Each structure stands twice: as C-alpha cells, then as structure tokens.
Amino acid sequence: MDSQKANHGLLGRGDPPPVQIVRQTGRAPVLLVCEHAGRKIPAALGDLGLSAEARMSHVAWDPGAMALAQDLSAMLDAPLVAQSYSRLVYDCNRPPESPEAMRAHSEIHAVPGNAHLGAEDREARIAEVYRPFEAAVGAAAERIAAAHKTPLLVTVHSFTPVYDGAPREVEIGILHDADSRAADLMLAHDWQGRIVRRNAPYGPEDGVTHTLLRHALPRRLPNVMLEVRNDLLGDADAVYAMAGLIAPALAAAQAALTATAAAKAPPTRQDSPSPEPGNA
C-alpha cells in the first residue's frame, strides 16, 4: 500500500497520510474510489466534541466500505484510492463550497468541533485532507484513461439500514449522475435475489455524486457509485461474499462497455489501391 502525506500544519507527525493507494499498478480497466473509508481525526482537532459511539457510527465514516473496496481491488486487480480521515473532518465526496463538506450537524449528532469554523480552519482542512485526495483520484483517473479505452470509475460506499428512524429496504444501490451507461448494465445483472435499486437510498439530487462529476464526467469515463447497506458488511466473511457478488457485475459491465465502444468505432482508414501502371 502506498501513501501520500500533506505537510501544511493541520496534520502532525503522528497523523496518518490523508490518502491510501492500494494496488496502484493494478491491471484491470477499473478504478475504485472510497471517499469515506476512514474515521481518523487529526490530533489537532481532538475528538471534534463527539462521543466514542458517534465517532464509530456511520455519521463519521462508511462502515465496511473500505474492506469491501479492498476485496474488490484484490478480486479485480484494480487500483483503489481511499481517504483516511473521517468525513466529519472533511467529506471528500463534496466540493469545498458545499455546506456539507464540514458538517456542524449530522443526522442526530451535533459536531461541536465543526461549529463556527473560520475561513482559516476550513482552508486548512481543504488543503490537507481534500486536495491531496482530489489530486490522487485525478492522477489515478488519468493513468487508467491512458491505459484503457473504456475504463470504469467506481466509488464504493455503505449506508445505514435505519436513517432518522426509518428502515431502508434496499440492500444495494446503483447510483449515477448524467452518465447512466454503467449503472444500466449493472442493474440488468443477476443479483441473486438481492434488493437492488437505481439511485437509492440517495440520488444525484442529494449532492452525492461529486467524485463522478469531478473526475469521471469531464474525462468521459463510464462511472457508477455503489451503496451497500452496512448490516450486510458486518464481518470479513460477509464483506467477501458481497465483493464476490459485485465484482462480476463490475467486470461484466466494463466488458460490455468496451464491446459497445469497439462496435461504434469508425473503421480503420485504408489507402486506396494504386492505379494499374500504363493506364494513366
């Protein structure tokens, strides 16, 4: 596993790097991204005023998402870029101008350490947590776009089975923004009885597709966002089983996209035959 470390002031010597890169030279035409992989908080920010229970809960990170992304990376031989820090430090699936990038309140939890953030504090988090992650994803997207004709960018998330007191039936969400090519193919996959839905439990109207908008659409990369209910990722065996269900769907979607692109490609130009000598 490779890592990159910012050095601007917020992150101290004992803090982990903001970015984790797994299998950077993976050969699959798939790039995995996990924006809410970690729940670390820089020492300078203490505990953000949160209880230990809140820091372990889904408000701080996506439980099981990193383990799922790592298993997918291994099964597919695909590179993975992941964020080490809690989304309550900075939510790397939001742009800096979003009010949700550094939330002062998340579901039932107030986040005292994010209340009344000044411009300097906000800029430090943007510079040291978001920008290195954005740069790493951008560099990985450039590499995979140069190496493959139709690479697939996939973001990996998990969601809580109960939100604001309301249970969620959906088990796997297949999300997309303006480009639905990969999502359409994945929704047609045989999910072996799992409850799989389009743009659920969130959709682009909820502001959750920042990474797709920032890194996939400008490069015209097929893309999809995965949301898996976190009670289905409760231990290593469950995570591995879910990865075993999702990995073939991703591989099949990418292969179909490649085949479609090849079928639509213009024929290779051939030189016209030379005229027969003596007939000019």
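The values are calculated or read from the model by the stated rules, or taken from the named source; none is laboratory data. All values derive from a computational prediction rather than experimental measurement. In this analysis, Cβ positions are derived from the backbone assuming ideal geometry, glycine residues included, and neighbour counts consider all displayed protein chains.
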- prompt: Taking the stretch 45-63 as the region of interest, how many residues are aliphatic (A, V, I, L, M), over 17 Å from residue 231 (Cβ atoms) and not in a loop (DSSP other than H, G, I, E, B)?
  reply: 3
message: Looking for something among the hydrophobic types (A, V, I, L, M, F, W, C), modelled with pLDDT under 95 and surrounded by fewer than 18 Cβ atoms within 10 Å (Cβ to Cβ) - is there at least one such residue anywhere in the stretch 264-278?
response: yes
Where a residue in the stretch 75-94 is farther than 15 Å from residue 155 by Cβ and its partner, wherever it lies, is of a type in the set (Lys, Arg) and in a loop (DSSP other than H, G, I, E, B), with Cβ under 6 Å and at least six apart: 77/27; 86/39
- request: From the list 236, 243, 256, pick out the single residue that is over 13 Å from residue 152 (Cβ atoms) and buried (at least 18 other Cβ atoms within 10 Å of the Cβ).
  value: 243
Every residue from the stretch 142-175 that is aliphatic (A, V, I, L, M) and surrounded by fewer than 20 Cβ atoms within 10 Å (Cβ to Cβ): 145, 146, 147, 162, 166, 170
- line: Of 212, 221, the only residue that is touching a His at 6+ places or on another chain (Cβ under 9 Å), in a loop (DSSP other than H, G, I, E, B) and modelled with pLDDT of 95 or more is 221
message: Cβ contacts < 8 Å: first residue over 16 Å from residue 38 (Cα atoms) and aliphatic (A, V, I, L, M), restricted to the stretch 1-26; second residue assigned to a loop (DSSP other than H, G, I, E, B) and at pLDDT 95 or above, any location; separation 6+ or different chain. Result?
response: 6/17; 6/18; 10/42
Near pairs, Cβ below 8 angstrom, 6+ apart or cross-chain, from the stretch 113-135 (under 14 Å from residue 44 (Cβ atoms)) to any residue that is surrounded by 15 or more Cβ atoms within 10 Å (Cβ to Cβ) and of a type in the set (S, T, N, Q): 129/83
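Residue 178 - would you say it is more than 17 Å from residue 251 (Cβ to Cβ), out of contact with any Gly (no Cβ under 8 Å at 6 or more places or on another chain) and either assigned to a helix (DSSP H, G or I) or modelled with pLDDT of 95 or more (or both)? Write out each step before concluding.
Details: more than 17 Å from residue 251 (Cβ to Cβ): yes; out of contact with any Gly (no Cβ under 8 Å at 6 or more places or on another chain): yes; either assigned to a helix (DSSP H, G or I) or modelled with pLDDT of 95 or more (or both): yes.
It is true that residue 178 is more than 17 Å from residue 251 (Cβ to Cβ), out of contact with any Gly (no Cβ under 8 Å at 6 or more places or on another chain) and either assigned to a helix (DSSP H, G or I) or modelled with pLDDT of 95 or more (or both).
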task: Give the number of residues within the stretch 225-267 that are over 17 Å from residue 181 (Cα atoms) and basic (Lys, Arg).
output: 1
field: Qualifying residues in the stretch 10-59 (those that are more than 18 Å from residue 71 (Cβ to Cβ) and among the β-branched types (Val, Ile, Thr)) - the one surrounded by the most Cβ atoms within 10 Å (Cβ to Cβ)
entry: 19
statement: The residue from 137, 111, 129 that alone is crowded, with 19+ Cβ neighbours inside 10 Å and touching a Gly at 6+ places or on another chain (Cβ under 8 Å) is 111
task: Would you be able to say whether some residue in the stretch 31-49 is among the hydrophobic types (A, V, I, L, M, F, W, C), at positive phi and out of contact with any strand residue (DSSP E or B) (no Cβ under 6 Å at 6 or more places or on another chain)?
output: yes
